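The structure appears below as structure tokens.
Each value in this text was obtained by applying a stated rule to the coordinates, not by laboratory testing. In this text the structure is predicted, and so the values were computed from the model without any measurement. Cβ atoms come from the backbone with ideal geometry, glycine included; neighbour counts cover every protein chain shown.
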């Protein structure tokens with residue numbers, strides 16, 4: 001190739017094995033779409049649970065960040081752990097009939113006003 005010439009653009013798709021972060025993105029998307037009981041969601045959750053390491057992390061060998069194809073790619077070190085944890089925690093919350101950490105809402109909250117402290121109705 002002559003100096004200064006651009007390489008031919010990549011026009012083919014290179015399949016890669018599933019990875020934790022992108023599987024978690026799919027699971028999060030299904031939950032956001034209301035597909036809590038979709039078979040694809042169950043497969044994604046099963047995949048995440050089966051691939052989790054004993055220390056709680058997930059393996060992710062491939063580079064899954066963006067970049068410029070054939071020039072450089074970005075690797076986000078926490079994606080492989082953050083997104084699977086978010087997906088699993090969100091699904092657990094969606095499937096539980098009651099919150100894990102119930103929060104009591106007070107009926108009245110104090111608020112500061114120019115005339116002093118008065119109570120405000122909490123709606």
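See the values below:
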| item | result |
| --- | --- |
| Cut-off 16 Å, label 7 Å out along Cα→Cβ of residue 73, residues of segment 32-62 by amide N | 59-62 |
| Full-extension gain in nm, residue 49 to residue 33, via 0.36 nm per residue minus C-alpha separation | 3.6 nm |
| Reciprocal mean inverse distance between Cα atoms of segment 20-100 - Kirkwood radius, Å | 13.5 |
| Gain on full stretching of the segment that runs from residue 95 to residue 62 - 0.36 nm per residue minus C-alpha separation | 8.8 nm |
| Distance between modelled label sites at residue 40 and residue 26, nm, 7 Å Cα→Cβ extension | 0.8 |
| Cβ-based exposure ranking for 21, 50, in which fewest neighbours within 10 Å come first | 50, 21 |
| Taking 81, 46 and counting other C-beta atoms within 10 Å, the order from fewest to most | 46, 81 |
